[in-house]
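Participant: Structure below; questions to follow.
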Amino acid sequence: MELSHVVRRRHMVRSFDVRSVADDVLQRVLEAATRAPAAGNTQALDLLVLRGPDETGRYWDATLAPEKRPAFRWPGLLRAPVLVLPCVRADAYLERYGEDDKRRTGLGAGRDRWAVPYWHVDGGMATMLVLLAAEDEGLGALFFGIFEHEPAVRQAFGIPDDVQPLGTIALGHPTGDDEPGRSTSRGRRPLEEVVHRGTW
């Protein structure tokens with residue numbers, strides 16, 4: 001599929017059928033994340049991949065209590081056969097920018113030296129590549145936050161203290177009948193409003 005088509009077709013999918021994702025397809029989607037830019041070529045991205053009902057069930061047990069599931073707005077999300085948690089490690093950036101070729105920047109001295117935390121920027125770009133690769137493979141995908149459930153997710157899957165999960169990506173075959181999120185009614189800002197040419 002042409003990139004322009006992938007970009008235009010990509011949208012958040014909240015309802016999946018129970019079919020598994022083929023190994024080779026998942027491998028290509030995950031490999032796409034490793035092609036994301038990384039400041040200083042730090043490469044501090046890790047992907048926690050959960051496949052099948054046993055592993056994904058442990059995730060939902062940590063984030064959505066069984067008694068709340070009957071009222072959950074998107075029950076088809078719970079059928080996603082794959083969940084991917086993109087994770088980053090800020091200290092890897094401090095270590096990298098403390099090396100000889102980067103030390104002069106001063107960015108290795110602490111997180112507060114980074115006006116923009118590039119571990120989040122790089123992790124976001126890797127996440128977007130997963131979403132685009134999923135669309136290219138004919139899969140549906142949804143990125144959503146972990147928020148207050150992060151401690152439970154950390155404990156359930158042994159995520160180290162110095163690693164930050166950015167959220168969760170659900171992957172699978174879309175059913176095509178999912179209810180869109182409430183925010184989709186806002187539409188997109190027109191390009192003329194978004195782009196500032198030459199000056200603000």
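Every number here is computed from the coordinates shown, using simple stated rules; none is lab data. None of these values were measured; they are calculated from a predicted model. A quick note on method: Cβ atoms are made from the backbone with ideal geometry, for glycine too, and the neighbour counts reach across all protein chains shown.
Participant: Please report the net charge: other residues with Cβ closer than 15 Å to the Cβ of Arg188, K and R +1, D and E -1.
Facilitator: Summing Lys/Arg as +1 and Asp/Glu as -1 gives +3.
Participant: Ok, one more. What is the fewest-to-most order of Arg113, Arg51, Arg14, Arg197 by other Cβ atoms lying within 10 Å of their Cβ?
Facilitator: Ascending number of Cβ neighbours within 10 Å: Arg197, Arg113, Arg51, Arg14.
Participant: Quote the Stokes-Einstein diffusion coefficient, in whole µm² s⁻¹, for the chain, based on the Kirkwood radius over alpha carbon pairs, a temperature of 20 °C and a viscosity of 1.002 mPa s.
Facilitator: 115 µm²/s
Participant: Another question, then. Using the Karplus curve 6.51 cos²θ - 1.76 cosθ + 1.60 with θ = phi - 60°, work out ³J(HN,Hα) for each residue of the stretch 110-115 in order, rounded to whole Hz, and write x for Gly and Pro.
Facilitator: Once rounded to whole Hz, the list reads x, 4, 5, 7, 9, 4.
Participant: Where in the stretch 1-38 is the amide nitrogen less than 18 Å from a point lying 7 Å along the Cα-to-Cβ axis of Arg73?
Facilitator: 11-16
Participant: Amide H of Gly140 versus every other amide H placed in the peptide plane: which residues, excluding those fewer than 5 positions away on the same chain, fall under 5 Å?
Facilitator: Gly172, His173
Participant: Okay, next question. With label points built 7 Å along Cα→Cβ from the Cα atoms of Ala115 and Glu192, find their separation and express it in nm.
Facilitator: Placing both labels 7 Å along Cα→Cβ, they lie 3.2 nm apart.
Participant: Continuing with the same structure: Angle between the Cα long axis of helix 52-63 and the longest principal axis of the chain, 0 to 90 degrees, nearest 10?
Facilitator: Approximately 70 degrees, to the nearest ten.
Participant: Spelling out what I want: for every residue of the stretch 70-76, take phi, set θ = phi - 60°, compute 6.51 cos²θ - 1.76 cosθ + 1.60 (Karplus), and round to whole Hz; glycine and proline get x.
Facilitator: x, 9, 5, 5, 10, x, x
Participant: If I model a spin label at Ser183 and His149 as a point 7 Å from the Cα along the Cα→Cβ vector, what separation in nanometres do I get?
Facilitator: Simple spin-label model gives 1.7 nm for this pair.
Participant: Can I ask one more? Quickly estimate the mean residue ellipticity at 222 nm for the chain, helices only: each DSSP H run with n ≥ 4 gives -39500 (n - 2.57), and the total goes over all residues, rounded to 500.
Facilitator: Counting only the DSSP helices, I get -10000 deg cm²/dmol.
Participant: Okay, moving on. For the stretch 187-200, in order, what is each residue's ³J(HN,Hα) by Karplus, 6.51 cos²θ - 1.76 cosθ + 1.60 with θ = phi - 60°, in whole Hz (x at glycine and Pro)?
Facilitator: Result, rounded to whole Hz: x, 10, 5, x, 4, 4, 7, 7, 8, 10, 9, x, 6, 6.
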